[in-house]
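Report on the structure given below.
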């Protein structure tokens, strides 16, 4: 055997073993299950003739390939020793038998269990091919009978008797079992690394379905199917990345088959890699759940939706297990939403009744058993939903459960809950005109929501929660008076603060909140003015976002309009000096001149018309521009604008 013998070659001799069973005898030798006499340990022994030069060459080549192929994903070579005119190759005995036996057994399994096991084996065989292909070795006889399972069910590729090193060649001569030979082997008697990939694709399809994908009524028909790429349609439960992989692996042209590295660089293969190395039962379960979501997204979501609605009962240990299981799925949902690859994820979540499950838990489970994993996932679902889907969620009646969570002892859960409430309220604001009361007010009040949101506003020291609570109340009281004077003063006093916030979205929401409050009563307009909101609002007129500018100038107009009503027609506007203190007139006129939108141009003209009530516009260009524009607004299609333009022109007419 030259230098191919293992370092343990002298450790064993033929007489140390009992022959327990003969597995097969062929042209390449005999294979036995043997038992080491002194330990009862089981091994596979392969006896190869080692007499002629040709026999020695073949045996040495097989031992060489076995040594090169060694990895955790291949059957382990123990040693080799000579006996009479034979060479004995000793390898590990895989207690789980071969993959052919498992394929037959898996036909009785559920689709889910079969898919999970098949993909784990897929990964392990692929890793064995990655190793030998990196050495330019082609297996040439990859089939279920040559994949073995150890005592833990791990797959190990074996029987490298036909393996060849391609070295500098582009291909090697075909060999192996015909129905696992790819088209290039059938037609041209050639094989390369891509030939092993084809065989693995066939094995994966066969593991999952229980049927060889190219099987015909006869061997000739099967071979013809292979040559022409005619395989049985994959069942519907094989979806996404896995389906795409199998089809590419079984491509007729080897050029279009993926390499081992390309296959391993996929989302679900990376999860399989983690499953393969994870020893802790809980973490492994977690990873298998993630794999299920990739393989069965719709079914997994439906199961999760049902799981959330199950009664929370049993021993403390059983309850902990329920929470752990549900938290895993919450984390998977979070990852899938953040990943943004699935464009239909929101629709799938809604169809799977996951929203109903969260609402059920928020309303019924004891607060201490609701962890942040639940509330964070729910908040993310709402945040990423379209306004249409947010309104659909509103019709599921989520407010009682969310308002209940405001009393949770974990401030992060409270923050998630008030954020979810605000996102829904904000979406509701867009569903009806600003001149209508907020459509969610009654639903919130059913659970005494207004008082509980205000209670949170008063007690929390967390800025995030305080801001969101104030915004919720300002939006809810659109076209509705806040009768509680303490609440009214505190909310208005707070809501102007976010106008200076670094977050542009927060500025915009605060601005809308103020706008809604101003519409309620003259008293609120006065109260807002007393908090000096103009510096922050005037600053926003220079924002690059046109929508923010439009909203801001609209809000300034509402405050000015309210202020104009507080004095006689012949008296100057009471806010003029305050506006001028921050160079507001020039900045409003500058916005008018920029003409960023009709909305902002119209309202800029109205603002200046109101500001110069009972006092002259000294700049002739500004005066002419504003007069002419206000006159044009008398013919505007918007009646509210027409009325405001009439008032502004009446104020300015006193100056002439």
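The values are calculated or read from the model by the stated rules, or taken from the named source; none is laboratory data. All figures in this text were calculated on a predicted structure; none of them were measured in a lab. Note that we place each Cβ from the backbone using ideal geometry, even for glycine, and neighbour counts take in every protein chain shown.
Would you please name the residue that is modelled with the highest pLDDT, looking only at residues in region 176-189 that are touching a strand residue (DSSP E or B) at 6+ places or on another chain (Cβ under 7 Å) and surrounded by fewer than 23 Cβ atoms within 10 Å (Cβ to Cβ)? So the residue we want is 184. Within region 413-421, not a single residue is in a loop (DSSP other than H, G, I, E, B), within 23 Å of the chain's Cα centre (by Cα) and under 30 Å from residue 510 (Cβ atoms).
Matching residues to (1) part of a loop (DSSP other than H, G, I, E, B); (2) buried (at least 18 other Cβ atoms within 10 Å of the Cβ):
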{"site": "201", "(1), (2)": "no, yes"}
{"site": "205", "(1), (2)": "no, yes"}
{"site": "208", "(1), (2)": "no, yes"}
{"site": "215", "(1), (2)": "yes, no"}
{"site": "221", "(1), (2)": "no, no"}
{"site": "248", "(1), (2)": "no, no"}
{"site": "269", "(1), (2)": "no, yes"}
{"site": "272", "(1), (2)": "no, yes"}
{"site": "290", "(1), (2)": "no, yes"}
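Every test in (1) surrounded by 14 or more Cβ atoms within 10 Å (Cβ to Cβ); (2) outside the structural domain of residue 130 (by TED's automatic domain parsing); (3) over 12 Å from residue 329 (Cα atoms); (4) modelled with pLDDT of 85 or more is passed by residue 295 save one, and that test is (4).
How many of the residues making up region 125-150 are in a helix (DSSP H, G or I), touching a residue at least 24 places away in the same chain (Cβ under 8 Å) and more than 15 Å from residue 202 (Cα to Cα)? Qualifying residue count for the region: 6.
Being closer than 30 Å to residue 130 by Cβ, assigned to a strand (DSSP E or B) and touching a helix residue (DSSP H, G or I) at 6+ places or on another chain (Cβ under 8 Å) is the requirement here; does residue 31 meet it? So residue 31 does not fit the description; no.
Table: residues versus (1) touching a strand residue (DSSP E or B) at 6+ places or on another chain (Cβ under 9 Å); (2) without any contact (Cβ under 8 Å) to a residue 24 or more places away in the chain; (3) under 13 Å from residue 119 (Cβ atoms).
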residue: 252; (1), (2), (3): no, no, no
residue: 258; (1), (2), (3): no, no, no
residue: 262; (1), (2), (3): no, yes, no
residue: 277; (1), (2), (3): no, yes, no
residue: 285; (1), (2), (3): no, no, no
residue: 288; (1), (2), (3): no, no, yes
residue: 292; (1), (2), (3): no, no, yes
residue: 297; (1), (2), (3): no, no, no
residue: 302; (1), (2), (3): no, no, no
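Annotation note: of 505, 458, the sole residue that is surrounded by fewer than 20 Cβ atoms within 10 Å (Cβ to Cβ), within 32 Å of the chain's Cα centre (by Cα), outside any loop (DSSP other than H, G, I, E, B) and in the same structural domain as residue 384 (by TED's automatic domain parsing) is 505.
Tallying residues that are part of a helix (DSSP H, G or I) and either under 16 Å from residue 592 (Cα atoms) or touching a strand residue (DSSP E or B) at 6+ places or on another chain (Cβ under 7 Å) (or both) within region 619-640 yields 14.
Going by the conditions given, is residue 408 under 28 Å from the mean Cα position of the chain (by Cα), outside any helix (DSSP H, G or I) and in the same structural domain as residue 468 (by TED's automatic domain parsing)? Taking the combined requirement at face value, the residue satisfies it. Under the condition of being surrounded by 14 or more Cβ atoms within 10 Å (Cβ to Cβ) and either part of a loop (DSSP other than H, G, I, E, B) or touching a strand residue (DSSP E or B) at 6+ places or on another chain (Cβ under 7 Å) (or both), the residues counted in region 552-566 number 1.
Name the residue, out of 262, 363, 331, that is surrounded by fewer than 20 Cβ atoms within 10 Å (Cβ to Cβ), in the same structural domain as residue 202 (by TED's automatic domain parsing) and in a helix (DSSP H, G or I). Before you say what the answer is, go through the steps one by one.
Details: 363 fails: in the same structural domain as residue 202 (by TED's automatic domain parsing); 331 fails: in the same structural domain as residue 202 (by TED's automatic domain parsing).
From the options 262, 363, 331, the qualifying one is 262.
Here is the figure for region 339-360: residues that are assigned to a helix (DSSP H, G or I) and at pLDDT below 85 total 7.
Okay, residues lined up against (1) under 21 Å from residue 547 (Cα atoms); (2) in contact with a helix residue (DSSP H, G or I) (Cβ under 6 Å, 6 or more places away or on another chain); (3) surrounded by fewer than 16 Cβ atoms within 10 Å (Cβ to Cβ):
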residue	(1), (2), (3)
576	no, yes, no
584	yes, yes, no
590	yes, no, yes
593	yes, no, yes
598	yes, no, yes
616	no, no, yes
625	no, no, no
638	yes, no, yes
641	yes, yes, no
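Residues in region 598-618 include none that are more than 17 Å from residue 652 (Cβ to Cβ), at pLDDT 85 or above and not in a helix (DSSP H, G or I).
Going residue by residue through region 423-439, is there one that turns out to be free of Cβ contacts under 8 Å to residues at least 24 places away in the same chain, in a helix (DSSP H, G or I) and farther than 24 Å from residue 370 by Cβ? No, because not a single residue in region 423-439 is free of Cβ contacts under 8 Å to residues at least 24 places away in the same chain, in a helix (DSSP H, G or I) and farther than 24 Å from residue 370 by Cβ.
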